[in-house]
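The values are calculated or read from the model by the stated rules, or taken from the named source; none is laboratory data. Just so we're clear, the structure is a prediction, and the values are computed from it rather than from any experiment. Virtual Cβ from ideal backbone geometry, glycine too; neighbours counted across all protein chains shown. When the accessible area is computed, the model is the full protein with side chains, heavy atoms only, and any ligands, DNA or RNA have been set aside. Shrake-Rupley method; radii C 1.70, N 1.55, O 1.52, S 1.80 Å.
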Amino acid sequence: MATDNSGVDLAYRLSHVRWLAGGTGAGKSTLAQALAERHDVLIYDGDQAERGYASRCTAQEQPHLWALLQAPLAQKWNSRTAQEIFESMPSLHGETFGFVVDDLLAMPSERPVLVDDFRPLPGELAPLLTWPEQAAFLLPTPQFRDRALRARFADAARARANWGDSDHSEALALRLARDELWDAEVRRQAVELHLPMVSIDGARAVHDLVDDLAARFRLGHPRAGIRGAQRS
């Protein structure tokens, strides 16, 4: 995969990429869409891209991802503890990052590309950044995430697609606990590497967060008419 290339070479080739990572349920997709509308950036949707990883992984090179793909939905959650689920995450073991990099290298580079994906960890991104705020790690408060995920999975069809016919309330509790562990790992690595984190608690308006991220990402001025239209 492309991650076998030198970090310096990859950093140069991916200098047009901005990374919106961090915890789940932080509103990354909402912010990414707003940034795309204002600044004409392309979005790399990690959740959609993940569907293509199945045909590219092997039991030898991505054992955790391979095992996850083989397991029935219910067994992915209700049969294990939150710690076990966390420790089995393919992204925790670096098994998905190479796919992301390969996908990005295949995309056009004339416009900025914004990665909307919780999977990249600070330790993976640090060698690829040409300035620290090329990546922002969004970390929701437990209360914010709880509200976001309960609203997301109030749709029974969506909950069934993620957790099968298992106990959805138990699966949601495990999901919330697992995501807390993921946040702790992101925070630990970001602090160690002096990379920026953004706390999400619902107190800041979306347009304020978008302005903040656009400045961090050096996206320049909004497209003509966009800001005025959104404020009217």
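Quick look at the values:
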item	result
Span-like helix ranges in the chain, DSSP H, alpha carbon extent 24 angstrom or more, Kyte mean at least -1.0	168-193
Residues of the stretch 15-65: accessible area per residue with a 1.4 Å probe, Å²	41
In the stretch 25-73, the GluC sites (Glu not before Pro) that fall in loop regions by DSSP, at most 12 other Cβ within 10 Å	GLU61
Within the chain, helix-based [θ] at 222 nm, where runs of 4 or more DSSP H residues each add -39,500 (n - 2.57), nearest 500	-14500 deg cm²/dmol
Shape call, the stretch 49-162: gyration tensor on alpha carbons, a/c limit 1.5	oblate
Trypsin sites (Lys or Arg not before Pro) within the stretch 63-160: DSSP coil, no more than 13 neighbouring Cβ in 10 Å	none
Of all accessible heavy-atom area on the chain, the percent that carbon and sulfur account for (1.4 Å)	52
The stretch 95-124: GluC sites (Glu not before Pro) in DSSP loop, at most 16 other beta carbons within 10 Å	GLU110
Projected area averaged over orientations for the chain, convex hull of C-alpha atoms, nm²	13.1
Accessible area of the stretch 114-168 divided out per residue, in Å², using a probe of 1.4 angstrom	42
